[in-house]
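Everything below concerns the one structure shown next.
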Amino acid sequence: MKKKIKIIFIGTSKFAAYHLKGLIDSIYTVSCVITKPDTYANRGHKLTFNSVKKLAIKYKINILQPKYLNSLTLINNIINYQCDIIIVVDYGLLIPNKILNIPKLFCMNVHASLLPRWRGAAPIQRALLENDLKTGISIIKMNDFLDQGNIIYQIEYNILLYDTYGSLYKKLAVLGLQGLLLILNKISKGEQIKFKSQNINMIKPTYAKKISKIECKLNWFLSAKKLECMIRAFNPSPGTFFIIKDKRFKVWKAEVVNNFNNHHINKIPGTILLINKYGIQINTNNGILNIQIIQPSGKKQMNIQNFLNYKQYKNLFRKDNIIT
């Protein structure tokens, strides 16, 4: 039998949906889901529902999709649910004070970083881009500043050498749900919840701004390590790419080559140094990047051995050709 903790859940993404499903499968009651309005895919031809809405429909949970979070209608609707807690996971908009003050206990947010590092929209990708050694989950009591509330729960995760945005996204979702259920269990038992200031360890805050399209183009004047971090940070979305002879190619996997002769030093960054079954080795501003998995426009991902079976690509990717 479910315990009497009434929850309103606010979220939009697959990351949020994973947490919502965990709450649905638990002993707690989700009275209502608030998510962003529906969007149109394929240049406006087809109305699509986000992952959170699809799940709410499946489990017959009431759904609110406000255009404006300050609307009186929305505020009254939330008040009428008489919730104990509001849980926010990857919603994408700042929650105003009028909503934060409604629940009997508090609003809490599950955030995919070790706050105060990487506040903002893209914490997982920014951690990978900066080659952070660790990341994690922070659950905070929300205030009206972006990701600046007091910490209720925090757990670290050591980033693996081959972790991508996709793999980290899944791993942190699991850790986030575990932490969320742990906190709810304490509340249901009547235990006191402790709050810790984000400033207690004097860690400098950083901001994880949204990823822009221009960041996804591989710039060979960066180091090989930075490019490898980019490829992992944007895999599977939005994906890194380069252009050669006006043709666009996505890169899904690459590695830094440590053992290579010094003949590349005077080559322009972007110069193809070697092509073999192990990859395409490209000169950068600092080091060699070996591309292992590539995707031509309109085709599937493929390893380099299969890629070079196509004559049109083999002709493009010759030694000393320059990639832009």
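The values are calculated or read from the model by the stated rules, or taken from the named source; none is laboratory data. Quantities reported herein were computed from a predicted structural model and do not represent experimental measurements. Note that each Cβ is placed from the backbone with ideal geometry, even for glycine, and that neighbours are counted across all protein chains shown.
Within the range 186-202, work out how many residues are in contact with a strand residue (DSSP E or B) (Cβ under 9 Å, 6 or more places away or on another chain), surrounded by fewer than 15 Cβ atoms within 10 Å (Cβ to Cβ) and part of a loop (DSSP other than H, G, I, E, B).
Within the range 186-202, the subset in contact with a strand residue (DSSP E or B) (Cβ under 9 Å, 6 or more places away or on another chain) is 187, 193-198, 200.
Those still in the list that are surrounded by fewer than 15 Cβ atoms within 10 Å (Cβ to Cβ) too: 193-197, 200.
Next cut, part of a loop (DSSP other than H, G, I, E, B) only: 193-195, 197, 200.
Residues in the range 186-202 being in contact with a strand residue (DSSP E or B) (Cβ under 9 Å, 6 or more places away or on another chain), surrounded by fewer than 15 Cβ atoms within 10 Å (Cβ to Cβ) and part of a loop (DSSP other than H, G, I, E, B): 5 in total.
Taking the listed residues Gly166, Gly176, Gly149, Gly136, the one that is assigned to a loop (DSSP other than H, G, I, E, B) and either within 12 Å of Leu115 (Cβ to Cβ) or not β-branched (Val, Ile, Thr) (or both) is Gly149, with no other qualifying. Listed by position, the helices (runs of 4 or more DSSP H) inside the range 203-319 whose residues that are of a type in the set (Lys, Arg) number at least 2 are 224-233, 311-316. For the range 262-311, taking the residues that are within 16 Å of Phe249 (Cβ to Cβ), touching a residue at least 24 places away in the same chain (Cβ under 8 Å) and small (Gly, Ala, Ser), the one that is surrounded by the fewest Cβ atoms within 10 Å (Cβ to Cβ) is identified as Ser297. Restricting Lys134, Lys189 to those that are assigned by TED's automatic domain parsing to the domain that holds Val30, over 23 Å from Gly22 (Cβ atoms) and basic (Lys, Arg) reduces the list to Lys134. Please enumerate the residues belonging to the range 74-115 that are part of a helix (DSSP H, G or I) and not hydrophobic (A, V, I, L, M, F, W, C). Matches in the range 74-115: Asn76, Asn77, Asn80, Asn97, Lys98. Is it the case that some residue within the range 30-40 is in the same structural domain as Ile102 (by TED's automatic domain parsing) and in contact (Cβ under 8 Å) with a residue 60 or more places away in the chain? No, the range 30-40 has no match at all.
Please find, within the range 79-98, the residue that is nearest to Leu177 (Cα to Cα) out of those that are touching a residue at least 12 places away in the same chain (Cβ under 8 Å), surrounded by fewer than 23 Cβ atoms within 10 Å (Cβ to Cβ) and over 25 Å from the mean Cα position of the chain (by Cα). Applying the filter and picking the extreme gives Asp84. The number of residues in the range 207-237 being crowded, with 18+ Cβ neighbours inside 10 Å and farther than 25 Å from Glu255 by Cβ comes to 1.
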